[in-house]
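S.K.: Have a look at this one before I ask anything.
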Amino acid sequence: MASGGQSSSEYIKHHLQNLTLGQHPDGHWGFAHSAAEAKAMGFWAINVDTLLWSFTLGALFLWWFYRIAKKASTGVPGGGQNFVEMLVEFIDTNVRGSFTAKNDMVAPMALTLFVWILLINMMDLVPVDWLPGLAAIVGEHVFGADPHHVFFKVVPSTDPNATFGLSLTIFAFVLYYSIKMKGAGGFAAELTMQPFQANNPIVRVLFIPVNLFLEGVSLLAKPVSLSLRLFGNLYAGEMIFILIALMFSAGWGLFVFGGVLQWAWAVFHVLIVLLQAFIFMTLSVVYLDMAHHEH
């Protein structure tokens with residue numbers, strides 16, 4: 001809730017600001033105390049909270065699957081093993097339906113993407129004040145920091161740096177397999193010899209820059225749309241939770257209404273959390289399938 005003398009605008013900005021570590025204009029390294037300071041740190045600034053939660057949830061995913069695999073038995077499976085087997089079968093079925101080439105890397109990659117992004121997205125269901133409030137208390141009492149300058153976002157997918165990092169990794173795989181499967185010449189021809197074609201060699205040459213522009217835009221749009229779709233949906237969902245949280249400090253009537261509204265939005269948001277993880281995983285598989293086949 002907006003507290004400690006914060007206005008509604010300050011409360012919203014505080015919740016949307018990452019805990020950023022970088023080099024200040026005077027040369028020393030430290031955390032940013034405002035959005036302006038974070039911007040002044042430039043490209044090499046690090047969003048510590050995004051990395052912390054991404055690595056923590058990734059480690060949780062690996063530990064959980066390792067633990068289930070180590071205890072797996074051929075008899076009647078327990079609840080955890082049954083859930084993981086259903087999840088693996090679900091991913092395998094979807095990969096078989098979307099990926100027609102042969103590559104043993106794609107299914108494990110799809111499983112990793114789906115589970116990791118799902119865990120990341122599910123952090124949006126944690127009440128918006130709990131973890132940032134805890135971080136402010138720790139920052140004030142342990143490190144002596146001003147709690148209003150302790151920023152702590154807990155949903156990595158609301159940070160475009162994280163979503164672009166994921167999508168650019170997929171894009172790198174797409175480029176790698178496009179060149180590996182088709183050769184550098186085949187991939188170049190794919191970008192320059194379609195969609196416009198001609199039998200006349202002069203006209204064909206004239207079509208090359210047009211085709212390269214159209215196919216280049218289509219190619220570059222893949223990582224951009226992949227990242228912005230995930231970021232936009234989760235950022236909008238987080239913003240709605242923040243706006244609902246403002247109602248809790250506006251009297252008992254709005255407090256009760258905000259509680260009901262928050263519960264209703266959380267139920268609906270579960271679908272968004274699941275759907276966005278599934279869409280990211282499916283489109284990644286489709287893009288890799290396209291990279292394995294000549295057009």
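We did not get these values from a lab; they are worked out from the coordinates using the rules stated. Note that the structure is a prediction, hence the values are computed from the model and not measured. Methodologically, a virtual Cβ is constructed for each residue, glycine included, from the backbone with ideal geometry; neighbour enumeration extends over all protein chains shown.
S.K.: Go ahead and set up a Gaussian network model of the chain, Cα springs under 10 Å, then flag whichever of PRO132, PRO108, PRO209 fluctuates most.
M.R.: PRO209
S.K.: Working out 0.36 nm times the residue gap between ASP104 and GLU89, then minus their Cα-Cα distance, what length gain in nm do you get to one decimal? Let's see the in-between values first.
M.R.: Details: separation 15, 0.36 × 15 = 5.40 nm, distance 1.51 nm.
Full extension from ASP104 to GLU89 adds 3.9 nm.
S.K.: Below 8 Å between Cα atoms, with a sequence gap of 6+, how large is the relative contact order for the chain in percent? Intermediate values should be presented prior to the final figure.
M.R.: Values: 308 pairs, mean separation 72.8, N = 295.
That works out to 25 percent.
S.K.: Greater than 28 Å separation of Cα atoms is the criterion. Which listed pairs, LYS180/LYS222; LYS71/LYS153; LYS70/LYS180; LYS102/LYS222, meet it?
M.R.: As for pairs spanning more than 28 Å Cα to Cα, those are LYS71/LYS153; LYS70/LYS180.
S.K.: Something else now. Want the number for ARG204 to HIS28: 0.36 nm per residue separation, take away the alpha-carbon distance, what's left?
M.R.: 57.7 nm
S.K.: Note down, for region 170-247, the three equivalent ellipsoid semi-axes (square root of 5 times each alpha carbon gyration tensor eigenvalue), biggest first, whole angstrom.
M.R.: Numbers: eigenvalues 336, 49, 6 Å².
The equivalent ellipsoid of region 170-247 has semi-axes of 41, 16, 6 Å.
S.K.: A further question follows. For region 98-238, what is the convex hull volume of the alpha-carbon atoms per residue, in Å³?
M.R.: Cα-based convex hull of region 98-238, divided per residue, equals 165 Å³.
S.K.: Any chance you could run the full-extension gain for TRP263 through GLN197? It's 0.36 nm times the residue separation minus the Cα-Cα distance, nm to one decimal.
M.R.: 18.2 nm
S.K.: What value, in deg cm²/dmol to 500, does the helix sum -39500 (n - 2.57) over DSSP H runs of n ≥ 4 give at 222 nm once divided by the residues of the chain?
M.R.: Dividing the helical sum by the residues of the chain leaves -24500 deg cm²/dmol.
S.K.: Right, next: Can you give me the pair-distance distribution of the chain, C-alpha pairs, 10 Å bins, whole percents?
M.R.: With 10 Å bins starting at 0, P(r) equals 6, 21, 26, 22, 16, 7, 2, 0.
S.K.: Moving to a separate point now. Compute the distance in nm between two label points, each set 7 Å from the Cα along the Cα-to-Cβ direction, one at ALA236 and one at HIS148.
M.R.: The two pseudo-label positions are separated by 3.3 nm.
S.K.: Using the eigenvalues of the Cα gyration tensor, what equivalent ellipsoid semi-axes result for region 1-57 when each is taken as the square root of five times the eigenvalue, whole Å, largest first?
M.R.: Values for region 1-57, descending: 22, 17, 8 Å.
S.K.: Positive end of the dipole of region 8-291, charges at C-beta (+1 Lys, Arg; -1 Asp, Glu), about the Cα centre: which of ILE202, ALA35, ILE272 has its Cα farthest in that direction?
M.R.: ILE202
S.K.: Work out the charge dipole of the chain with +1 on the Cβ of Lys and Arg and -1 on the Cβ of Asp and Glu about the Cα centre, then indicate which of PRO156, LEU234, ALA72 is farthest towards its positive end.
M.R.: Checked the options; the winner is ALA72.
S.K.: While we're here: Take each uninterrupted DSSP H stretch in the chain, measure its Cα extent along the helix axis, and return the ones at 15 Å or beyond whose mean Kyte-Doolittle hydropathy is at least -1.0.
M.R.: What comes out of the filter, once short or polar helices are dropped, is 48-70, 79-98, 106-122, 130-141, 160-192, 201-246, 252-291.
S.K.: Run the dipole for the chain about the Cα centre, Lys and Arg Cβ at +1, Asp and Glu Cβ at -1, nothing else charged, and hand back the magnitude in debye, nearest 20. Mind dumping the intermediate values first?
M.R.: Details: 13 positive and 18 negative charges, 138 e Å.
Dipole about the Cα centre, nearest 20: 660 debye.
S.K.: Now for a different question. Which whole-number value in Å³ per residue fits the convex hull of the alpha carbons of region 58-180? Don't skip to the answer; put the middle values down first.
M.R.: On the way: hull volume 20.5 nm³, N = 123.
So the per-residue hull volume is 167 Å³.
S.K.: Averaging over every viewing direction, what projected area does the convex hull of the Cα atoms of region 108-156 cover, in nm²?
M.R.: 4.0 nm²
S.K.: Take the Cβ-Cβ distance between MET181 and ALA221 as r, set R0 to 22 Å, and report the resulting FRET efficiency rounded to the nearest 0.05. Don't jump to the answer; show the numbers that get you there.
M.R.: Numbers: r = 21 Å, r/R0 = 0.96.
The value I calculate is 0.55.
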